[in-house]
Amino acid sequence: MVESPEEKNITVNRKARHEYFILQTYEAGIVLVGSEVKALRQNKANLVDSYALITSGEVWLLNANISVYDQASINNHDPLRKRKLLLNRSEIRKLNKAVSEKGNTLIPLRLYFKNGVAKVELAVATGKRQYDKREDIAKRDLKREMQRKFK
């Protein structure tokens, strides 16, 4: 998740890494209307509780909230509309195979601009159990304690 000079993060789904084990990631383009792009440039987006579905060979992003752009007047977009993701056919086939396995789902990790084009980092993920989350928190606390002692 290193941000290169030509990449600019818009939003990161921090809850995703806490709630899921990330198995594989993909970069996808996203089909947007003009007022959505303007809103993204103002960082008015939220990926919490969003997910992706594969229907009839196309990947769709659902529940991603891109707030309305104030200066767009009556031609504004619906903040929670379904948005099409752009992937190669082979990538869609791989994603479909991965999601068909029990317990796997598609979730967006981050939304960013790459060379002026909006992209979504999509992950094949498996949900964590409560004890897995507690274990991760304990590991993080232990690591933090070790860093404090060595300072």
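The values are calculated or read from the model by the stated rules, or taken from the named source; none is laboratory data. Bear in mind the structure is a predicted one, so any value in this text is a computation, not a measurement. Note that each Cβ is placed from the backbone with ideal geometry, even for glycine, and that neighbours are counted across all protein chains shown.
Of Val124, Val117, Val99, all but one fail to be within 24 Å of Asn43 (Cβ to Cβ) and of a type in the set (Val, Ile, Thr); the exception is Val117.
Among the numbered criteria (1) touching a residue at least 12 places away in the same chain (Cβ under 8 Å); (2) over 13 Å from Val124 (Cβ atoms), which one does Ile74 miss? Of (1) touching a residue at least 12 places away in the same chain (Cβ under 8 Å); (2) over 13 Å from Val124 (Cβ atoms), only one is false for Ile74: (1).
Out of Ile137, Ile92, Ile74, one residue alone is in a helix (DSSP H, G or I), at pLDDT below 90 and either surrounded by 10 or more Cβ atoms within 10 Å (Cβ to Cβ) or under 19 Å from the mean Cα position of the chain (by Cα) (or both). It is Ile137. The single condition from (1) touching a residue at least 60 places away in the same chain (Cβ under 8 Å); (2) surrounded by fewer than 16 Cβ atoms within 10 Å (Cβ to Cβ); (3) aliphatic (A, V, I, L, M) that Leu142 fails is (1).
Quick one: which residue in Leu40, Leu23, Leu80 is under 17 Å from the mean Cα position of the chain (by Cα) and assigned to a loop (DSSP other than H, G, I, E, B)? Just one listed residue meets the conditions, Leu80. Using the structure shown, decide if Leu85 is among the hydrophobic types (A, V, I, L, M, F, W, C), under 23 Å from Ala125 (Cβ atoms), surrounded by 15 or more Cβ atoms within 10 Å (Cβ to Cβ) and at pLDDT 90 or above. Yes: the conditions hold for Leu85. With the structure loaded, tell me whether Glu121 is part of a helix (DSSP H, G or I) and not small (Gly, Ala, Ser) or whether it fails that test. No, not satisfied. Does Val124 qualify as being within 22 Å of Ile54 (Cβ to Cβ), out of contact with any Pro (no Cβ under 7 Å at 6 or more places or on another chain) and hydrophobic (A, V, I, L, M, F, W, C)? So Val124 passes the test.
Restricting attention to the range 44-71 and to residues that are in contact (Cβ under 8 Å) with a residue 24 or more places away in the chain and polar (S, T, N, Q), the residue that is surrounded by the fewest Cβ atoms within 10 Å (Cβ to Cβ) turns out to be Gln71.
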